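Please read the structure below before turning to the comments.
The values are calculated or read from the model by the stated rules, or taken from the named source; none is laboratory data. Remember, it's a predicted structure, so these values are computed and weren't measured experimentally. Cβ: placed from backbone, ideal geometry, glycine included. Neighbour counts: every protein chain shown.
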Amino acid sequence: MNLNSTDLVISEINKRISDLRNKIEELGLDAFLVFSSTNVRYLTSIGTGAALITGDDAILWVRDLYREIYAGLYSNEKYAFDIFDYEKGVIESYINNSDLEKIGIENLRLSNYEKIREKILRKELIRSDAIEQLRAMKSDLEINLLKKSAELSVKGMETAYKIIKPGVREIDAAAEIEYRLRKDGSESPPFGQGALLSSGERSADIHAFPTENRIENNSIVIVDIGARFLGYYSDMTRTIPVGSLNTNDREIVEFVRNLELECIDMLYDGIEAREIYEFAEKRINARGFRLYHPLGHGIGLDVHELPSLSRDSEDSLKNGMVFTIEPGVYIPRKFGVRFEDMVLLRKKAKILTNKSE
């Protein structure tokens, strides 16, 4: 399968627009206005411009530069969008002069929302995560892209296991891992900002970037990496013991790893995300620790997207979703332990980031 073929991309776009139109009708809207580059990419295949979807029309405003660059796609007779040149005020003018009344808009920052609201007069703007909800359900094409991205992450983690040794600087280890990821085909460094990699006491910092510290013998290293393939991210974490750990520390590492696998074994179509979080939280609390972050998150065109596996989540986990499971234990001034895998939920949960240990 050519994952980037024009026919396949256009077929995918047409399905997404149809699904969004169903959402528009379900929400009692007349249209949906899209500014977020990620959502624009989801609907149009190219992450530039602004889009307006109504029951009958699909309009994309782009700068003339991009209209020329992507002419091969935009001019395809099967492409769903009518393309117009973007100029200042053109979108607001179009909407203000239309008979559209209730318009859905993404959950933008309040300041951005207010700016748009000031320019679009006499229309009701309704903030909604309708597109993010659609993005949570992955198509076969998206699943294949996520699998490819996950494969790149697994190769990067294999490098981590090979090079993490006593005396190696954290930043050098991260450089080798990121080089492997990019060499194998990742479009960006992990998460855009680079790998999370920390050793010893610093591993208790959940989002620690690598430093010039040297990895010590008989210590713990957390490596949190991901790749990006045709826009789709992957994410995985391993806790790597260096040298020998004492019995207590080794038991904590084994506890977190086993807890992750227990959570994955619990998954089924329709389970509440909050239920999985609460299960993990109770197990971690029973050991005298706390769970300081969500148990997992959806992944796709963004590293973090719906569904959310958190205490306050209202999401249900459904067949076709791809998300992470990542329990963690963090002991200040000692160390942290986290294991994370990407999971595809179908009849049975499948780990996409195969074991790298």
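With respect to (1) outside the structural domain of E101 (by TED's automatic domain parsing); (2) not in a loop (DSSP other than H, G, I, E, B), the lone exception for G194 is condition (2). Checked against the criterion of being closer than 17 Å to G231 by Cα, within 29 Å of the chain's Cα centre (by Cα), of a type outside the set (D, E) and in a loop (DSSP other than H, G, I, E, B), the candidates G28, G47 yield just one match: G47.
Checked against (1) under 27 Å from the mean Cα position of the chain (by Cα); (2) more than 18 Å from R333 (Cα to Cα), F209 passes all but a single condition, namely (2). Looking for something on the phi > 0 side of the Ramachandran plot, touching a residue at least 40 places away in the same chain (Cβ under 8 Å), hydrophobic (A, V, I, L, M, F, W, C) and surrounded by 16 or more Cβ atoms within 10 Å (Cβ to Cβ) - is there at least one such residue anywhere in the range 149-163? Within the range 149-163, not a single residue is on the phi > 0 side of the Ramachandran plot, touching a residue at least 40 places away in the same chain (Cβ under 8 Å), hydrophobic (A, V, I, L, M, F, W, C) and surrounded by 16 or more Cβ atoms within 10 Å (Cβ to Cβ). Give the residues of the range 203-220 that are within 13 Å of I171 (Cβ to Cβ) and either in a strand (DSSP E or B) or charged (D, E, K, R) (or both), sorted by residue number. Within the range 203-220, E212, R214 qualify. The set of residues from the range 1-19 being in contact with a strand residue (DSSP E or B) (Cβ under 8 Å, 6 or more places away or on another chain) and either at pLDDT below 95 or assigned to a loop (DSSP other than H, G, I, E, B) (or both) is empty. The strands (runs of 3 or more DSSP E) found wholly in the range 265-357 and carrying at least 1 residues that are of a type in the set (G, A, S) occupy 296-298, 305-309, 328-331, 335-338, 349-351.
Once the range 165-185 is narrowed to residues that are buried (at least 22 other Cβ atoms within 10 Å of the Cβ) and of a type outside the set (D, E, K, R), the residue that is farthest from I222 (Cα to Cα) is L181. Criterion first (free of Cβ contacts under 8 Å to residues at least 60 places away in the same chain and not in a helix (DSSP H, G or I)) does E262 satisfy it? So E262 fails the test.
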